[in-house]
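Undergrad: Shown below is the structure under consideration.
The values are calculated or read from the model by the stated rules, or taken from the named source; none is laboratory data. Computed from a prediction, not measured in an experiment: that's the story for all the values here. Positions of Cβ are backbone-derived with ideal geometry, glycine not excepted, and every protein chain shown enters the neighbour counts. Only protein heavy atoms, including side chains, enter the accessible area calculation; ligands, DNA and RNA are left aside. Shrake-Rupley method; radii C 1.70, N 1.55, O 1.52, S 1.80 Å.
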Amino acid sequence: MHIIEIYKSLQGESSFAGLPCVFVRLAGCNLRCAWCDSEYTFSGGRKMSEEEILAEVQHLSPNGGLVEITGGEPMLQERELIPFMHQLLALGRESRSELRSESRYQLLLETSGERPLELVPREVHKIVDVKCPGSGEHLRFRLENLATLTACDELKFVLASREDYEYARDFIRRHTLESKPAALILSPAFRKGATGSRSAENCLLDPRSLAEWMLDDNLNARLGLQIHKFIWEPQLKGV
Ligand code: SF4
């Protein structure tokens, strides 16, 4: 696979936010979201074998824990990625006993929702974006992916405006997602190229406004902040 970087940090988003996590960032993306903070992933990357990636993951987190596959859009390398995910999940099962058969690595997949997800192993926690109009890519979501979601998955809406919020709210209601098992996360987009202060002023949408709209609409969803951008300076990569 073509890999941009592998590093350990705190998980900044999703319902796993705040937990230590190894990030495996794959190269390449076929979308161009207006507020993308990962443009450095669009090309390049180092070709690494499955064994090299697994060795690096084990080196960074020898006792197991969270591993997130992210990008770019990781599912563009689906042919190699699906077997890799099976292999990572199987690590630790070699020594399983009758009492313990779960993988010692919990695997998260962050994806734009534009690629088919049917072949992703069920044990993987999918964090699937639904792009909103402010991204410029809101027509690219693959609706069939909704049927692949389970209680361990999450749908994430990154919002830059009131228009984006209404799009997300209406999408949730139209597809009756509040009564479905996957978690729903609404998150303010961060200003592209933000530098300096670690503050909500770098959000394109004020988290307070978003909180008030969600409460006004009785929306049964979680407000998510990218906490790594409040812990480290927003321009830092590899955190
Ligand atoms: S899908 Fe992700 S990596 Fe690709 S352009 Fe959008 S935000 Fe950037």
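Undergrad: Sorting check: for 106-112, 116-122, which peptide has the highest mean count of neighbouring beta carbons within 10 Å, and how do the rest follow?
TA: 106-112, 116-122
Undergrad: To continue, here is another question. Using 7 Å Cα-to-Cβ label points, what is the Ile227/Gln58 separation (nm, one decimal)?
TA: Each label point is offset 7 Å from its Cα along the Cβ direction, giving 3.0 nm.
Undergrad: Shifting gears a bit: For the range 97-211, evaluate the Debye formula with one uniform point scatterer on each Cα (no solvent term) and list log10 I(q)/I(0) at q = 0.21 Å⁻¹, rounded to two decimals.
TA: Cα-only, vacuum Debye calculation for the range 97-211: -1.17.
Undergrad: Give, in nm to one decimal, the length gained when the segment between Ser209 and Glu163 is fully stretched (0.36 nm per residue of separation minus the Cα-Cα distance).
TA: 15.3 nm
Undergrad: So, one more: How much of the accessible area of the range 109-239, probe 1.4 Å, is carbon plus sulfur, in whole percent?
TA: 50 percent
Undergrad: Using a 1.4 angstrom probe on the protein heavy atoms only, could you order Lys47, Lys156, Lys192 from most to least accessible area?
TA: Values: Lys47 150, Lys156 10, Lys192 95 Å².
Ranked from most to least accessible, the order is Lys47, Lys192, Lys156.
Undergrad: Suppose only helical runs count, i.e. DSSP H with n ≥ 4. What mean residue ellipticity at 222 nm does that imply for the chain under -39500 (n - 2.57) per run, divided by all residues and rounded to the nearest 500 deg cm²/dmol?
TA: -6500 deg cm²/dmol
Undergrad: If I ignore ligands, DNA and RNA and count only protein heavy atoms, how much of Cys152 is accessible to a 1.4 Å probe, in Å² to the nearest 10?
TA: Here the residue's solvent-accessible area equals roughly 40 Å².
Undergrad: Okay, moving on. Determine the per residue accessible area of the chain with all protein chains present and a 1.4 angstrom probe, expressed in square angstrom.
TA: I get 47 Å² per residue for this part.
Undergrad: Of Arg115, Arg32, which has the most accessible area and how do the rest follow, probe 1.4 Å?
TA: The most accessible residue leads, giving Arg32, Arg115.
Undergrad: Additional query: If the convex hull of the alpha-carbon atoms of the chain is projected onto planes in all directions, what is the mean projected area in square nanometres? Let's see the in-between values first.
TA: Working: hull surface 51.3 nm².
Reported value for the Cα convex hull: 12.8 nm².
Undergrad: Next question. How many nm separate the modelled label positions at Glu201 and Leu91, each set 7 Å beyond the Cα in the direction of the Cβ?
TA: Inter-label distance under the simple model: 4.2 nm.
Undergrad: Do any of Lys126/Lys237; Lys131/Lys192; Lys47/Lys237; Lys47/Lys180 go past 28 Å between their Cα atoms, and which?
TA: Working: Lys126/Lys237 23 Å; Lys131/Lys192 16 Å; Lys47/Lys237 20 Å; Lys47/Lys180 39 Å.
Long pairs (Cα-Cα over 28 Å): Lys47/Lys180.
Undergrad: With label points built 7 Å along Cα→Cβ from the Cα atoms of Leu10 and Leu236, find their separation and express it in nm.
TA: Distance between the two pseudo-spin positions: 1.1 nm.
Undergrad: Would you work out the relative contact order for the chain, in percent, from Cα pairs under 8 angstrom that are 6 or more residues apart?
TA: About 18 percent, as a whole number.
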